[in-house]
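Here's the structure we're looking at; comments come further down.
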Amino acid sequence: MNPVTGYTAIAVVSLASALIGFYGLRVSRTTGDFYVASRTVRPWWNASAIGGEYLSAASFLGVAGLVLLSGSTGFWFPIGYTAGYLMLLLFVAAPLRRSGAYTIPDFTAARLESRWVRRVTSTLVILVGWFYIVPQLQGAALTVRITTGLPPWAGSLAVAVIVAVVVVAGGMRSITFVQAFQFWLKLTALAVPVVALLIVVAGGVPGLEARAALAPDLAFPVEAGPHGLDAYRTVSLMVALLFGTLGLPHVLVRFYTNPDGAAARRTTVIVLALLSAFYVFPTAFGLLGRAFAPELAERGQADALVLLLPGLLVPGPWGELLTALVIGGAFAAFLSTSSGLVVSLAGVVSQDLLGGSVRGFRIAAVLSTLVPLAVALVTESAGLAGSVGLVFAFTASTLCPVLLLGIWWRGLTARGAIAGMVTGALLSGGAILAGAAGATAAAPGWLRPLVEQPAAWTVPLAVAVIVLVSLADRRRMPRSADAFLARLHVPERLR
């Protein structure tokens, strides 16, 4: 791969993102602009921005790599990522917007009238955000190393610096413009190469048949078919993705930017359509890779499939052009998701520790970028989609149950919420750390999937703890619970 292609694509996307972000600075004037864009973002614009921040390195690079490695098993990731927004539409979007909160800790504190609930929620939001940013920086490191030959740390550092500058400059208002642009860039950067590669494959270009013949049974091997699925792992993964989406801080903060609850619902419907269209293309990349690039089906290499496949199948200037487009889309994915996460983290840190001012927001944005950068520089990715999937499992076991029960169950109490969040954090976090440390290698066969995919048992246990402790503590149910729930569920026009 020509390094000039990588340098050019990364520079163009970075410059465009910075310019759009600085444009947002011109219209960011108030504290509300920095936190929630003054709640004036319309559904189509907001849906594009949500797509921009939600479609991370795991979606742009990781899904194709998983399909390359595991065949039809990898299809569950795009299905789960998209279906999570159906859950948001049905249970969370409109009530959350009507709450009037700036952040998730704002919501839980107002709902349960407890400072301790706020502190625990804030801690979990910060942990989720940091661990979600790390795979984005690792994806940037992989992309820069492959496309330019620079050391991996250069990619992580570049994304961290650009994100910090754009977020500090204009906050949520600025990031909304940037992320909307980056979504459509990512969609184009995958759709155009996929269509071009399918045309090339259909045309029977010499050499492609020989490449495909290297692994005639690899595209759909028997063991990767539907009947070869591990039922527990599949169910647990879907629980993590469906419920984890409901607790992602950078996703939820977006619904605070809509004008009202009805707009939040319309936004979610549009997001469902946009995500459904987007995930066709990384899946197609993975299938093309299984047929024509089986040599990349190795851990540590599979995530590079989207970056390398255009050059393998279309040599020459056209291949370089397609590669440049893909590199630009990948870098946009790292920037947009990291930006959304930093905005959500900066809001929480600023509100809880720095007084909630614009200056506090900017300081918090820099701090929220430095910590995951340090982690990314001293760790290596074990697979982008897999790493993000574990973050979803943690979120599904901690923030999601409290959020859902806080919206739909009047009997929730502060002690129940804290007990459930701590239980979910200890169980899912312990399982994730055990898996990362390799502790499952010597474990019995039945125990290994429980640790490697913990959501199927950690989520129900967290919910059970919340309900049981709340029932035992029913005398401490917030006195404003009925009024708060009415505010969440009564449409604005009927108030």
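The values are calculated or read from the model by the stated rules, or taken from the named source; none is laboratory data. Just so you know, these numbers come straight off a predicted model, no measurement behind them. Ideal geometry is used to build each Cβ from the backbone, glycine not excepted, and the neighbour counts take in all protein chains shown. Calculation scope for accessible area: heavy atoms of the full protein, side chains included, ligands and nucleic acids excluded. Shrake-Rupley method; radii C 1.70, N 1.55, O 1.52, S 1.80 Å.
Structure summary
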{"quantity": "Test: residue 263 is open to solvent by less than 10 Å² (accessible area, probe 1.4 Å) and touching a Pro at 6+ places or on another chain (Cβ under 7 Å)", "calculated": "yes"}
{"quantity": "One residue from 168, 159, 128, 120 being modelled with pLDDT of 85 or more, over 20 Å from the mean Cα position of the chain (by Cα) and part of a helix (DSSP H, G or I)", "calculated": "120"}
{"quantity": "Residue match in segment 414-437 (condition: at positive phi and in contact (Cβ under 8 Å) with a residue 40 or more places away in the chain)", "calculated": "no"}
{"quantity": "Only listed residue being buried (at least 17 other Cβ atoms within 10 Å of the Cβ) and without any contact (Cβ under 8 Å) to a residue 24 or more places away in the chain, chosen from 329, 319, 340, 347", "calculated": "319"}
{"quantity": "Tally of residues being open to solvent by 20 Å² or more (accessible area, probe 1.4 Å), touching a residue at least 24 places away in the same chain (Cβ under 8 Å) and outside any helix (DSSP H, G or I) across segment 350-362", "calculated": "1"}
{"quantity": "Residue under evaluation residue 115, criteria (1) open to solvent by 30 Å² or more (accessible area, probe 1.4 Å); (2) of a type outside the set (Gly, Ala, Ser); (3) touching a residue at least 12 places away in the same chain (Cβ under 8 Å), criterion not met", "calculated": "(3)"}
{"quantity": "Test: residue in segment 273-288 that is more than 22 Å from the chain's Cα centre (by Cα) and open to solvent by 10 Å² or more (accessible area, probe 1.4 Å)", "calculated": "yes"}
{"quantity": "Residue check, residue 320 in a helix (DSSP H, G or I) and modelled with pLDDT under 80", "calculated": "no"}
{"quantity": "Matching entry among 126, 146, 199 (being more than 24 Å from residue 296 (Cβ to Cβ) and surrounded by fewer than 24 Cβ atoms within 10 Å (Cβ to Cβ))", "calculated": "126"}
{"quantity": "Pick from segment 171-205, criterion under 23 Å from residue 359 (Cα atoms) and of a type in the set (Ser, Thr, Tyr), ranking: modelled with the lowest pLDDT", "calculated": "174"}
{"quantity": "Residue selected from segment 82-100 under the condition within 13 Å of the chain's Cα centre (by Cα) and open to solvent by less than 10 Å² (accessible area, probe 1.4 Å), by the criterion modelled with the highest pLDDT", "calculated": "84"}
{"quantity": "Test result for residue 365, under 20 Å from the mean Cα position of the chain (by Cα), under 20 Å from residue 124 (Cβ atoms), modelled with pLDDT under 90 and open to solvent by less than 10 Å² (accessible area, probe 1.4 Å)", "calculated": "yes"}
{"quantity": "Answer residue from segment 47-81, given it is within 17 Å of residue 266 (Cβ to Cβ) and touching a Ser or Thr at 6+ places or on another chain (Cβ under 6 Å) and is surrounded by the most Cβ atoms within 10 Å (Cβ to Cβ) among those", "calculated": "49"}
{"quantity": "Residues satisfying the stated conditions in segment 453-482, i.e. charged (D, E, K, R) and either in contact with a strand residue (DSSP E or B) (Cβ under 7 Å, 6 or more places away or on another chain) or surrounded by 13 or more Cβ atoms within 10 Å (Cβ to Cβ) (or both)", "calculated": "473, 476"}
{"quantity": "Unique match (being under 30 Å from residue 197 (Cα atoms) and at pLDDT 80 or above) among 360, 328, 300", "calculated": "328"}
{"quantity": "Test: residue in segment 241-256 that is under 29 Å from residue 5 (Cα atoms) and open to solvent by 10 Å² or more (accessible area, probe 1.4 Å)", "calculated": "no"}
{"quantity": "Matching residues, segment 42-75, being β-branched (Val, Ile, Thr) and at pLDDT 85 or above", "calculated": "63, 67"}
{"quantity": "Residues (modelled with pLDDT of 80 or more and open to solvent by less than 40 Å² (accessible area, probe 1.4 Å)) located in segment 426-449", "calculated": "428, 429, 430, 431, 432, 434, 449"}
{"quantity": "Residues of segment 368-378 satisfying the condition of being open to solvent by 60 Å² or more (accessible area, probe 1.4 Å) and either modelled with pLDDT of 85 or more or outside any helix (DSSP H, G or I) (or both)", "calculated": "370, 377"}
